[in-house]
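Please treat every number below as a calculation from the coordinates, not as lab data. Computed from a prediction, not measured in an experiment: that's the story for all the values here. Neighbour counts run over all protein chains shown; Cβ positions are idealised from the backbone, glycine included.
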Amino acid sequence: MRKNKSSKNWIIEQHRDQYFKQAKSSGLRSRSAFKLLELNKKFKLFSNCQTVIDLGSYPGGWSQMLKKNLKNCKIISVDIKKMEQIEGVDFLCCDFLKEESKEKILKKLKNKADLLVSDMAADTTGNKDLDCIRTNALCAEVIEFSSLVLKESGVVISKLFNGQDFLNVKNLAKSKFREVNFFKPESSRGYSKETYIHCAGIRTL
Ligand SMILES: C[S@@+](CC[C@H](N)C(=O)[O-])C[C@H]1O[C@@H](n2cnc3c(N)ncnc32)[C@H](O)[C@@H]1O
């Protein structure tokens, strides 16, 4: 039987809601945790990581996933909102956009990081264009910051929106990294313009 568009949407939504239910039953703090799992499946993020930085970590789903999948790895998580403690995760409560916050992160690092993940999103204002510009500006800051904290072979994953300034961020990433890809996880809501940029291998010249 051919399904009409609204019943198809309903099935898709139900399917996506499974992530919420699954997160709850697995003790995960967010359904976003599954996005990181999908990103890992696509880009093999979790191999050979000794140091990881998780930006925009509250309430902690990604940090929980990192902790679960990375043994003997230093995890530094950062959010402007206070995140409830996760054993073995070093949390910094600060605004990433402030210079002093970046210095605090640098101080926490003994060695350069293998992986920098960011799920940061600016608070919504009701103006979708403005929200997009502000979240994409956060993504650009993450890419700029990555050259300070990542090993040459390091990897960045960062949320961005497919809208205003998307191309500027893509070009910035291409100027800094040898490999740049985009991936929208299944668990990311279909109506959202959210996607993730994957950057690998810092350009040295
Ligand atoms: C989608 S949530 C992250 C969810 C998280 N990955 C998880 O799995 O639980 C986005 C987070 O980005 C944070 N954020 C936004 N702007 C920030 C900034 N300038 N500095 C630090 N955190 C920021 C927000 O406070 C929010 O908690």
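Normalised by residue number, the volume inside the convex hull of the Cα atoms of the stretch 32-87 is 71 Å³ per residue.
Simple spin-label estimate for Thr125 and Arg203 gives 3.1 nm between the two label positions (7 Å along the Cα-to-Cβ direction from each Cα). The stretch 137-153 and the stretch 56-74 have their alpha-carbon centroids 19 Å apart. Look at the alpha carbon pairs under 8 Å that are at least 6 residues apart: their mean separation over the length of the stretch 107-165 gives a relative contact order of 50 percent. GNM on the chain, alpha-carbon springs under 10 angstrom: the most fluctuating residue among Glu144, Glu103, Glu152 is Glu103.
Residue-wise HN-Hα couplings along the stretch 142-149, as the Karplus relation 6.51 cos²θ - 1.76 cosθ + 1.60 with θ = phi - 60° gives them from phi, are 5, 5, 4, 5, 4, 5, 7, 10 Hz; Gly and Pro carry x. Using equal-weight Cα scatterers in the Debye expression, the normalised intensity of the stretch 102-190 in log10 at q = 0.14, 0.16, 0.19, 0.22 Å⁻¹ is -0.53, -0.68, -0.92, -1.15.
Run the Debye formula on the Cα coordinates of the chain, all scatterers equal and no solvent, and tell me log10 I(q)/I(0) at q = 0.12, 0.14, 0.16 1/Å. Computed log10 I(q)/I(0) values: -0.60, -0.82, -1.07. Comparing Leu37, Leu138, Leu106 in a Gaussian network model of the chain (Cα springs below 10 Å), the most mobile by mean-square fluctuation is Leu106.
A straight chain from Asn9 to Lys110 at 0.36 nm per residue would run longer than the Cα-Cα distance by 31.6 nm.
Of the residues Asn181, Thr135, Leu109, the one whose Cα sits farthest towards the positive end of the charge dipole of the stretch 87-205 is Asn181 (charges of +1 on Lys and Arg Cβ, -1 on Asp and Glu Cβ, taken about the Cα centre). Each Lys and Arg contributes +1 and each Asp and Glu -1, all at the Cβ; summed about the Cα centre of the stretch 32-202, the dipole is approximately 520 debye. A simple rule links phi to the HN-Hα coupling: the Karplus curve 6.51 cos²θ - 1.76 cosθ + 1.60 with θ = phi - 60°, which for the stretch 89-106 gives 10, 8, 9, 10, 9, 6, 8, 4, 6, 7, 4, 4, 5, 5, 5, 4, 5, 4 Hz, with x for Gly and Pro.
Using C-alpha pairs under 8 Å with a sequence gap of at least 6, the mean separation divided by the residue count of the chain gives a relative contact order of 17 percent. Couplings 3J(HN,Hα) for the stretch 188-205, derived from phi with the Karplus relation 6.51 cos²θ - 1.76 cosθ + 1.60 (θ = phi - 60°), are 7, 4, x, 7, 7, 7, 5, 9, 10, 9, 10, 10, 9, x, 5, 6, 9, 10 Hz, where x marks Gly and Pro.
The amide H of Ser57, built 1.01 Å from its N in the peptide plane, has Val78, Asp79 as neighbours under 5 Å, considering only residues 5 or more places off or on other chains.
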